[in-house]
Amino acid sequence: MDLLKLRDNLSNNILGRGVLLAASKLYGAGVALNKSAYANGWKNSKSVNSRVVCIGNITAGGTGKTTAVLLAATTLAKEGIRVAIVSRGYKRQEKTDKPVVLFDNPDADWRLAGDEPFMMSRVLSQYKVPIVISPNRVAAATEALRRFKSQLILLDDGFQHFPLERDSNIVLIDAKNPFGNKQLLPYGILREPLTALKRASLVVLTHCEQVPARDLENIKDQIREYNDTIEILESVHEPDYYMDICSGNKVDLKDVKGPVSCFSALGSPVTFENTLTGLGLELKQKWRFPDHQHYTLENLQSFEDTRGGLPLITTFKDFVKFPDNWRDVLKKDVYVLSVNLKILGGEKQENLFMDTLYPKFSKLKQNG
């Protein structure tokens, strides 16, 4: 993310930190003014004729939000609930004010939608879940209702988006780095003050497998300082399988062994790399790019020329940004790691997550 890159570059000296702190104060004033505009009726949130649930963050950077949206959409769709995803399409290259709809259009261009919505559309295609992309989330939600009569709209990464009224807010917090230095962007990683947690209906801690139990309890205590009645769930990211992109076949996790190379353009590349090492792989080479980076043939050729015959592993989010003629360069042993979000604590906690999305979901499933 650009602001995070700016912070890293400036935070190494006193003058730079002063600039960051001043910018953080200005950013905070803008956040407060925007909230006040809605609280005082100077701006109005608009409702649509459907249940709307936001799955978002209070921090910048990767928290595992995409996997949470996929878990929600997949589980709902399997039970016959008409669900749609609304997204702004962050950093899409070709922008249009008209909502872009990803649904049964395998030849769609990811640049019109953004990498994350495009990746989600590929994963969710078998479940017929539409994804509607627009910076105007009200217009996108309206389009989802018009075309698909959606019973539930998932607002992807919209915790700080107030124009579209929502019924619930699910906030994801990365247990590895929940709040940074507790400062607002760009001096810290917070998108808004921690008092915003009062708006949360449910908090899901992610990457809990990488954090000691004592630290998890400390994070929960900090959250409850701002919302003392909030339910807090723990979750882990579980590797599921590899996709051999050259053959199109699924590959069992145990069938990729030994030293490998990997590359990613993620909010948290360390999480991806830790997952691979957790699978017993030795990372001989690691390439990291800025979040939402798109790839060129020159990038892929560089990977191919330097990996020395080792398997090459990346993510679905990265794969969808390959150039059309990527097969001219990458011929074999190129894998995409598929990862699922799992709510810990058994059926009771899983039902709490789903019932926050769609009230009485657990009873609907039981009766169905």
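The values are calculated or read from the model by the stated rules, or taken from the named source; none is laboratory data. Since the structure is predicted, the reported quantities are computational estimates derived from the model, not experimental observations. Note that each Cβ is placed from the backbone with ideal geometry, even for glycine, and that neighbours are counted across all protein chains shown.
Values for this structure:
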| item | result |
| --- | --- |
| Where a residue in region 346-368 is closer than 18 Å to residue 171 by Cβ and its partner, wherever it lies, is modelled with pLDDT under 95 and part of a helix (DSSP H, G or I), with Cβ under 7 Å and at least six apart | 354/361; 354/362; 355/361; 355/362 |
| Test: residue in region 325-335 that is among the aliphatic types (A, V, I, L, M), surrounded by 15 or more Cβ atoms within 10 Å (Cβ to Cβ) and in contact with a strand residue (DSSP E or B) (Cβ under 7 Å, 6 or more places away or on another chain) | yes |
| Residue count for region 188-218, restricted to those that are surrounded by 20 or more Cβ atoms within 10 Å (Cβ to Cβ) and closer than 22 Å to residue 342 by Cβ | 8 |
| Meets criteria (over 26 Å from residue 151 (Cβ atoms), free of Cβ contacts under 8 Å to residues at least 60 places away in the same chain and not in a helix (DSSP H, G or I)) for residue 30 | no |
| One residue from 227, 181, 169 being surrounded by 16 or more Cβ atoms within 10 Å (Cβ to Cβ), in the same structural domain as residue 59 (by TED's automatic domain parsing), in a loop (DSSP other than H, G, I, E, B) and not β-branched (Val, Ile, Thr) | 227 |
| Failed condition for residue 232, given (1) within 28 Å of residue 355 (Cα to Cα); (2) of a type in the set (Val, Ile, Thr); (3) more than 19 Å from the chain's Cα centre (by Cα) | (3) |
| Scope region 33-60; condition surrounded by 13 or more Cβ atoms within 10 Å (Cβ to Cβ) and free of Cβ contacts under 8 Å to residues at least 40 places away in the same chain; matching residues | 37 |
| Scan of region 255-278 for residues that are in a loop (DSSP other than H, G, I, E, B) and among the charged types (D, E, K, R), ordered by number | 257 |
| Residue match in region 60-82 (condition: assigned to a strand (DSSP E or B) and either at pLDDT 95 or above or in contact with a helix residue (DSSP H, G or I) (Cβ under 9 Å, 6 or more places away or on another chain) (or both)) | no |
| Selection from region 68-106 of residues that are farther than 22 Å from residue 136 by Cα and charged (D, E, K, R) | 78, 79, 104 |
| Tally of residues being more than 13 Å from residue 97 (Cβ to Cβ), hydrophobic (A, V, I, L, M, F, W, C) and surrounded by fewer than 23 Cβ atoms within 10 Å (Cβ to Cβ) across region 120-139 | 2 |
| Qualifying position, being surrounded by 17 or more Cβ atoms within 10 Å (Cβ to Cβ), part of a helix (DSSP H, G or I), among the charged types (D, E, K, R) and over 18 Å from the mean Cα position of the chain (by Cα), among 143, 116 | 143 |
